[in-house]
Amino acid sequence: MPLIGITSCRKLEDYRQSVLHAGGEVRILDLSVKDAAVALAGVDGLMLTGGDDVAPARYGEPVHPAVVEAEPGRDAFELALIQDARTRNLPIFGICRGLQVLNVACGGTLVQDIPTEVAGALPHSFTVPSHEPYYLAHEVWIDKDTLLWKLMRERLSDADACEVNSRHHQAVKRLAAGFQVAATAPDGVVEAIEDPAAGFCLGVQWHPENFFRTGEFRPLFEGFLEAAQRHR
C-alpha cells in the first residue's frame, strides 16, 4: 500500500480516513520533525490539509485585517515539504489551505479575503455544525480538459459541475506558473488548480475528505493513491 504523508492540522481524522478508505497508509507529518526531507523519507505522496491562512509576507503582500495566520512554523515547514516533493515528483494533493500553500510555494499569490476583495462573490465561508461538515454551499464548474474532470467524470454523469462544501475566505489570485485552473465557482473564484506537467499535482478549495463515508469525492483520493502507488 502507498504511504501518504499528511500535514498536521486540528481536524486530521477525516483526512486520515479518506486515505485509509482508498487503500493507503498514513504518516502524519508533524512540525516537530522540521526537516522536510526527513519527514518525507519513504513517503509515496503528500497531502496538504486545511487550516488558517498562509502569511501574506510569503507572497510579498501586506497583511489584510481578516487574515488569521497559521500556527508558528507551519508555513515554513509546508513550503519546504512542497519544494522537496516537487523535486522528487511526488504526487501532491492539496485541500483548502493546502491548495493555497501549494500555489504560494510555486510562485502564486492569494486573494486574502474574498468578501472584501471579490466584487459580487458568493458566500464561501460557512460556519456549520461539527456534525454537518458536508453542507453543500455552491457549485463548482470543472474544466473538461483537466485531471480533475477525468477523476470525477463518472460521478458527474457527463455534466461539468458538482456541488461542494465550502469553508474558506481566501483563494488563488495570481496562479503559479505552469499551473492551470481546473474549476471555478459561478462567481469566478478559483476552486481547483493542477500542474499538467506533474504526475499528480492537484489542489481543491473545498473539503472532499468530509465525504469519506458517502464517497462523493472518493475518486480524487483513489486517483491520488494510484499515482502514489506508481511512484513507489
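Observations
- Hits in the stretch 19-38 - residues which are part of a loop (DSSP other than H, G, I, E, B) and open to solvent by 40 Å² or more (accessible area, probe 1.4 Å): D30, K34, D35
- Among the residues of the stretch 151-190, the one identified as open to solvent by 40 Å² or more (accessible area, probe 1.4 Å) and of a type in the set (V, I, T) is V181.
- Lone unmet requirement of (1) free of Cβ contacts under 8 Å to residues at least 60 places away in the same chain; (2) open to solvent by less than 20 Å² (accessible area, probe 1.4 Å); (3) closer than 25 Å to V104 by Cα for H207: (1)
- Residue tally, condition open to solvent by less than 60 Å² (accessible area, probe 1.4 Å), of a type outside the set (V, I, T) and under 20 Å from G94 (Cα atoms), over the stretch 51-70: 7
- Filter result for G223 (buried (at least 17 other Cβ atoms within 10 Å of the Cβ) and more than 22 Å from S125 (Cβ to Cβ)): yes
- When restricted to residues that are modelled with pLDDT of 75 or more and either of a type outside the set (F, W, Y) or within 10 Å of V189 (Cβ to Cβ) (or both), the stretch 114-131 contains 12.
- Candidates L175, L136, L148 - the one that is under 15 Å from G94 (Cβ atoms), in a loop (DSSP other than H, G, I, E, B) and of a type outside the set (S, T, Y): L175
- Of the residues making up the stretch 104-118, just one is of a type in the set (V, I, T), open to solvent by 20 Å² or more (accessible area, probe 1.4 Å) and more than 25 Å from F217 (Cβ to Cβ), namely T116.
- Verdict on P123 being part of a loop (DSSP other than H, G, I, E, B), surrounded by 14 or more Cβ atoms within 10 Å (Cβ to Cβ) and either out of contact with any His (no Cβ under 8 Å at 6 or more places or on another chain) or of a type outside the set (S, T, N, Q) (or both): no
- Condition met for V101 (modelled with pLDDT of 95 or more and open to solvent by 10 Å² or more (accessible area, probe 1.4 Å)): no
- Residue match in the stretch 40-50 (condition: small (G, A, S), part of a strand (DSSP E or B) and either open to solvent by less than 20 Å² (accessible area, probe 1.4 Å) or within 23 Å of I6 (Cβ to Cβ) (or both)): yes
The values are calculated or read from the model by the stated rules, or taken from the named source; none is laboratory data. From a predicted model like this one, the values you see are computed outputs, not experimental measurements. Counting neighbours? That spans all protein chains shown, and the Cβs are built from the backbone with ideal geometry, glycine included. Surface accessibility is based on the protein's heavy atoms, side chains included, excluding ligands, DNA and RNA. Shrake-Rupley method; radii C 1.70, N 1.55, O 1.52, S 1.80 Å.
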